[in-house]
Amino acid sequence: MKKTIILSLLLMIGGLLPIAADNITVNGTSRSYNVIVPKNLGENRPLLIFCHGYNQDAGWMQNNEFKNDNVSMEAVCDTAKFVCVFPNGIDRAWDTGGDRDINFIKAIIEKMVTQHKIDRDRIYLGGFSMGGMLTYNAINKMSDIIAAFVSCSGPSVITPKAGLRPIPLLHIQGTADNWSGVQPALNPWIKHNGCSTTDKVINNYNGFSGAKLHIWGPGNDGVEVRLLELKDKGHWICKEPQVYTGKEIWNFCKKYSLNKTSPSVNITAPKTGTRYISFAPAGEAAFPDIIITATADDKNGNVEKVEFYDGTTLLATCTAKPYQATLTATTTGKHTLKAVATDNDGETSTATIEVTLQAPTSLSLSSAFTEGGALPAGWTTYDSSERRSGYSSGYSQGCRVLQFTGSSRGFNYGLYIRNKNGNAHQGWAKFGLSDGGTTLSLASGHYTLKYKICNWNMANFGSVELNIEKHANGESVAKQTYMPTINIGNVASNNFGNPDQQSLEFDVTEQGDYVIAIYSAASEWSDCIVGQLSLTANSYSSTGIKVIDNLRLETGDVYDLQGRKVSVLQKGIYIQNGKKILKK
């Protein structure tokens, strides 16, 4: 009793009201929470709600996870003058997919607004472990009332819903705590926000050798996705003096408000991460003009101008809609495209995306198969029912990348394709379609497509067709049918061998944009797994046809126009050493 009185006096002397436990009835159920309210709070101050982990409660979160010998969450609240609420889950757990606890959080917000005149535009939500998973669930359901979100050690497979605004997101996690799940959880939000896929990294963050900060952005509306990586940390809140989690949460959240005084700006095209690939002789790569479009508005005034940049190079200044610019680029590598909106008060906002121009002689198309449940950038799939385009993730069914874990396996990841209805060309994966985020330009020449393919759940096997198609009209320029010899057996942990390397050699006679298409068989629920796929330019040539009387096999392998090697030569058009040759 004496300790309680002394603690209360210290809190009041230090500027805080005593820590309070309170209740509120939500959907007929009495729910409880702890609340920290600084003394002399004032009006229109922010609110942070932070949810505990599984089998914890508000008191544990507040008094153990958020407290060390040097600082506490109470001290952070007192210095910055904001209210902090620690809610209690039912049975020490949270509803991470439904609305039960979403309604609880909304009820807390309304009560805090009434009691403490909270600024509705500066309300923040975070959580630890299962509370972090609840936070991800809340993003899609509460983005209109929550300004920024924080998850500590709580990765999720939840992805942004259509039409969602750009979301400020901080994720904090230790590398000894399910670290492999963190990047897949963040990738959809990085893409949604239009952030660069290349992160800015700050090592020895705040002078702490065990901390590394990753920053993606600013993206649309100037928001960022941040990841605070804690070396060798397990499943707990970081309370190091240099990196105290309570301070990190507040320092991130305080930058964001739903009531922006600066203008809003979003780059609507191209999509961040788009790749423009051009196979061509050295110095002759041909990239399309890239049209950059943006939207901009200002709730408190007018947008005076929108400036477009490629890095630091000004491309265009627009003083009226439509806001757009053209990048005519020949320099390969990553290009940071930026739109800067300025309003009539001189305030600015920036949106940034990243695109890549590549001029390879060889390209691994399967190198992006590194995340189970995702569809990599560059790829589009269709299973006769659902069309998916990369990058997208969070899939547990349908066309997607699968991760294989057998003790012996031919590859670690593979792209799964299926055909539900069994009609011809109704189950496929294609690389180079516009909605996949990649264009593939091929100069005239001779190419080799190498691949390794299995069946997934076809004990009697099913054929796979590989096709090189013109982007403009889908016309085939070369194709090959392959019958796999390995069936994995519908279980990712099954053992399976390394498929034999297969090759499709083909000739391109007209420079243009092409698509690499892979079709599963024309039978119901046919499938395949693409484990390896690469494209190499063997040689380049003019588009003309050379006429010759004595075409000889000794001078090089000869192929027909479908890319099949031939051993008997008759009159007709063949391909040898990347050139079209007419044998008379």
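The values are calculated or read from the model by the stated rules, or taken from the named source; none is laboratory data. Everything numeric here is computed off the predicted structure, so don't read it as measured data. We place every Cβ from the backbone using ideal geometry, glycine too, and count neighbours over all the protein chains shown. What goes into the accessible areas is simple: the full protein's heavy atoms, side chains included, and nothing from ligands, DNA or RNA. Shrake-Rupley method; radii C 1.70, N 1.55, O 1.52, S 1.80 Å.
Among the residues of segment 64-116, those that are in a loop (DSSP other than H, G, I, E, B), open to solvent by 50 Å² or more (accessible area, probe 1.4 Å) and either modelled with pLDDT under 95 or under 22 Å from residue 130 (Cα atoms) (or both) comprise 69, 70, 91, 92, 97, 99. For residues that are among the hydroxyl-bearing types (Ser, Thr, Tyr) and modelled with pLDDT of 95 or more, scanning just segment 494-514, find the one that is nearest to residue 534 (Cα to Cα). So, considering only residues that are among the hydroxyl-bearing types (Ser, Thr, Tyr) and modelled with pLDDT of 95 or more, the one nearest to residue 534 (Cα to Cα) is 503.
Within segment 324-352, residues that are assigned to a loop (DSSP other than H, G, I, E, B) reach partners that are surrounded by fewer than 17 Cβ atoms within 10 Å (Cβ to Cβ) and of a type in the set (Ser, Thr, Tyr) with beta carbons closer than 8 Å, at six or more positions or on different chains, in the pairs 345/261; 347/261.
The residue of segment 401-417 that is least open to solvent (accessible area, probe 1.4 Å), among those that are small (Gly, Ala, Ser) and either part of a strand (DSSP E or B) or in contact with a Cys (Cβ under 8 Å, 6 or more places away or on another chain) (or both), is 414. Checked against (1) of a type outside the set (A, V, I, L, M); (2) in contact (Cβ under 8 Å) with a residue 40 or more places away in the chain; (3) out of contact with any helix residue (DSSP H, G or I) (no Cβ under 8 Å at 6 or more places or on another chain), residue 207 passes all but condition (2). A residue that is surrounded by 20 or more Cβ atoms within 10 Å (Cβ to Cβ), of a type in the set (D, E, K, R) and either modelled with pLDDT of 95 or more or within 17 Å of the chain's Cα centre (by Cα) (or both) cannot be found anywhere in segment 366-377. Of all residues in segment 203-253, those that are in a helix (DSSP H, G or I), farther than 30 Å from residue 353 by Cβ and of a type in the set (Gly, Ala, Ser) total 2.
Scanning segment 418-454 for residues that are under 22 Å from the mean Cα position of the chain (by Cα) and assigned to a loop (DSSP other than H, G, I, E, B) turns up 432, 433, 437. With respect to the conditions (1) touching a residue at least 40 places away in the same chain (Cβ under 8 Å); (2) open to solvent by 50 Å² or more (accessible area, probe 1.4 Å); (3) touching a His at 6+ places or on another chain (Cβ under 6 Å), residue 247 falls short on a single one, namely (3). Is there a residue being in a strand (DSSP E or B), surrounded by 12 or more Cβ atoms within 10 Å (Cβ to Cβ) and at pLDDT 80 or above anywhere in segment 3-19? Within segment 3-19 (the criterion being in a strand (DSSP E or B), surrounded by 12 or more Cβ atoms within 10 Å (Cβ to Cβ) and at pLDDT 80 or above), the answer is no, since none of the residues qualifies.
Would you mind finding the one in 398, 390, 436, 445 that is open to solvent by less than 10 Å² (accessible area, probe 1.4 Å) and either among the acidic types (Asp, Glu) or at pLDDT 95 or above (or both)? Selected residue: 398, the only one of 398, 390, 436, 445 that is open to solvent by less than 10 Å² (accessible area, probe 1.4 Å) and either among the acidic types (Asp, Glu) or at pLDDT 95 or above (or both). With respect to (1) touching a Gly at 6+ places or on another chain (Cβ under 6 Å); (2) over 19 Å from residue 473 (Cβ atoms); (3) free of Cβ contacts under 8 Å to residues at least 60 places away in the same chain, the lone exception for residue 436 is condition (2).
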